[in-house]
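Visitor: Before we start, here is the structure in question, set down as structure tokens.
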Amino acid sequence: MKSLTLLLHSVVHDMGTLCCVSTSFDIKTIDARVKHEGISFLTITLPDFAKDFERSLEQGLVDHTLFRSFAFQRGLPRFLGGFLDLVFDRGTGVLVHDPSVSAIFAIRQISLMFGKINLPCRDDRVEAALEGYMNCELNVLENSSSFLNLHIEDFQRIGRVLFAPLLSNISNRIYHGEIRPKHGSGATADRLSGNRKYQVREWSDRLEGVFPFMENLFSSYSFALANESCVDVREPWNERPAKVITVPKTLKTPRIIAMEPSYLQYMQQGILEIITEEVNRDNILRPLISTLDQAPNQRMALEGSLMGNLATLDLSEASDRVSNLHVRALLSDFSLLDEAVQATRSRKADVPGRGVIHLVKFASMGSALCFPFEGMVFLTCVFMGIEKSQGRPLTKRDVKSLIGKVRVYGDDIIVPTEYTRSVVETLESFGFVVNQRKSFWNGKFRESCGKEYYNGHDVSITRVRSMLPTLRRHVEELESTVSLRNHLYKAGLWYAVRFLDQHIEKLIPFPAALETAPGLGKFSYLGYETHGLDSDLQRPFVKGAVISRRIPSDKLDGEGALLKFFLKRGEQPHFDKKHLERAGRPRSASIKIGRFHSY
């Protein structure tokens, strides 16, 4: 706790030097508030300060309904007042004509850096999040009836304009048996991991109607016939539910995801693969929607901040508010694809403390199909809003004319500013919640896919992801802190870098090395250190810390190994030659001190 506060001191000092601002009062305030509130001041109160600051940039004014946890001096908060004076007029609270981009970056860096530290939430916050998950399910159920009565025909019509060729191609590929299932790397509801996933002997009756296990669960028909009796084909009433869990997001609230059964995730991944391939082949959809590439959203956010022509929208609880009815409406003309998607969807979820519930939503985060279909639903709603604003039916020509002006990546949405109100109203009429604190279209601040800009300048910040290590055996914290140090170095925060260098060097040797080096090293624009020359490879080496991760033992042979071979993508061999002996995510890691190449 003390080390995090001292790190924040050094960052405040760096920012004061950057902006030529006195920070003595700010440091005293931080110390007093941390002493009184504990770590929640760093992880909850300061991020709320940043959200209020960004909202003030959006509306061009600081009003007294914001920054409620901080004392005001005339028109602005006293805390970080020297920086705020470079952005807003203290007398009126109005945005100055030419606000300091450095001050905007400084305020965001100071207030947001601990907002997403990887720590567990309090039990009451976890309970509140789970209760919110249940309430969201009820809201989706209530909104489904209005969707059926008021919106479904327009939704289907615009869905056809956007996605008919794509969905037709995917349906044809399913009809011709081109789905190749694939196991993901994540945890599953049946607790199978690594190589054990290739020995799954569970299926569902719904899946059997579209994807027979004889063709998908075994490497050949002879193996399938020999093991047919070992496969548990579950009836709908007896299917294994998805397992809802919480994972760290912020100390204010955890993220809620659901682990899918292995056999469903297996086929979901196969459908996802052809969706991705077909989107990338579609010259119209490729610039409008993506499940892989965030960079176009980031570039458009930069353009929107500079030109003011593009708005960035963010949705709250986006995945959980997409109902199964939305997806079925999109697929209404493609019965085979609809059957395939429904067969791979979990109908039930096991929620901690609340038992097994029937899902109205299409899927929670954790399903491989959640991300692509929520993007399709949101893109359809966006063009419904644009059509409403234009006052005439949408055509394919209209869609093409908006390439480069509209893009959807998950719940990160970019639209032309002139259509923002109509798009927001349309999204909300479908039961989606536009996060007003993270959506921007009036000022010069824009945020999308992890990048933030003000008036064409990058004001993205570096975040602390873990507590600082105190012992060498704190491997994950050490690795995270080295990454943090190197990002702060690139951002020019020299006092913070010096503080972290001293902290890390107490635990491990910490030489200067390039980021491509296999050990833990400090990035430096001055180059890398050399402790000697490798006589075999004629490359310089340094002495430092190397992380060793041991993959769990998980032997696979026989039919399972053959299935893994046939499901492999690409022509190159497996990177790990022992992949049939060890598999899965490493369960432990250790630090070893030795030689490694410095570049």
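Visitor: Taking other Cβ within 10 Å of each residue's Cβ, how do V434, V161, V464, V96 sort, fewest first? Numbers along the way, then the final one.
Guide: Values: V434 19, V161 16, V464 23, V96 13.
Sorted ascending by nearby Cβ count, the order is V96, V161, V434, V464.
Visitor: What ranking do E278, E142 get, fewest neighbouring Cβ atoms within 10 angstrom at the top?
Guide: Details: E278 19, E142 11.
Fewest-to-most ranking of E278, E142: E142, E278.
Visitor: Once whole DSSP H runs in the chain are found, which of them have Cα atoms spread over 27 Å or more along the helix axis and a mean Kyte-Doolittle score of at least 0.5?
Guide: Sorted by number, the helices that extend far enough and score high enough are 370-390.
Visitor: Under a no-solvent Debye model with one identical scatterer per Cα of the range 209-272, what's log10 I(q)/I(0) at q = 0.24, 0.26 Å⁻¹?
Guide: These q points yield log10 I(q)/I(0) values of -1.12, -1.20.
Visitor: Then there is this: Tell me the relative contact order for the range 2-115 as a rounded percent, counting alpha carbon contacts under 8 Å between residues six or more apart.
Guide: Here the relative contact order equals 29 percent.
Visitor: Give me the compactness ratio for the chain, meaning the Cα radius of gyration over 2.2 N^0.38 Å.
Guide: Cα-based Rg divided by the globular estimate yields 1.06.
Visitor: Over 5 Å intervals from 0, what percent of Cα-Cα pairs in the range 330-383 sits in each interval?
Guide: It works out to 4, 16, 23, 25, 16, 9, 5, 1, in whole percents.
Visitor: Tell me, how many Å apart are the Cα centres for the range 389-444 and for the range 130-179?
Guide: 18
Visitor: Hey, what does the equivalent ellipsoid look like for the range 2-115, semi-axes from the Cα gyration tensor as sqrt of 5 times each eigenvalue, largest first, whole Å?
Guide: Whole-Å semi-axes of the equivalent ellipsoid: 22, 15, 12.
Visitor: A further question follows. Run the helix sum for the chain: -39,500 (n - 2.57) per DSSP H stretch of 4+ residues, divided by residue count, reported at 222 nm to the nearest 500 deg cm²/dmol. Please report the intermediate quantities before stating the final value.
Guide: Details: 20 runs with 249 residues, N = 599.
So the helix-based figure for the chain works out to -13000 deg cm²/dmol.
Visitor: Excluding residues fewer than 8 places away in the same chain, name every one of the aspartates and glutamates whose C-alpha is closer than 13 Å to that of K444.
Guide: Of all the aspartates and glutamates, those that pass the test against K444 - Cα under 13 Å, at least 8 places apart if same chain - are E54, E58, D98, E303, E452, D458.
Visitor: When the Kirkwood hydrodynamic radius is evaluated over all pairs of different C-alpha atoms of the range 123-454, what value in angstrom, to one decimal, is obtained? Before the final figure, lay out the partial values.
Guide: Details: mean 1/r = 0.0481 Å⁻¹.
Mean inverse Cα-Cα distance, inverted, gives 20.8 Å.
Visitor: What number, in percent, do you get for the relative contact order of the chain if the mean sequence gap of Cα pairs under 8 Å and at least 6 apart is divided by its residue count?
Guide: 17
Visitor: Run the numbers for Q436 and H358: contour at 0.36 nm per residue of separation, minus the present Cα-Cα distance, in nm.
Guide: 25.0 nm
Visitor: On a straight-distance basis, which lysines could pair with K361 in a cross-link, Cα separation under 28 angstrom, same-chain partners fewer than 8 positions away excluded?
Guide: Partners within reach: K116, K182, K197, K243, K249, K252, K348, K388, K438.
Visitor: Please arrange L537, L112, L66 by counting, for each residue, the other beta carbons lying within 10 Å of its beta carbon, fewest first.
Guide: Working: L537 9, L112 22, L66 19.
Fewest to most other Cβ atoms nearby, the residues stand as L537, L66, L112.
Visitor: To continue, here is another question. Which number do you get for Rg(Cα) / (2.2 N^0.38 Å) in the range 475-597?
Guide: After normalising by residue count via 2.2 N^0.38 Å, the value is 1.37.
All of the numbers you see were taken from the coordinates with simple rules; none came from a lab. These figures come from a predicted structure and were not determined experimentally. Positions of Cβ are backbone-derived with ideal geometry, glycine not excepted, and every protein chain shown enters the neighbour counts.
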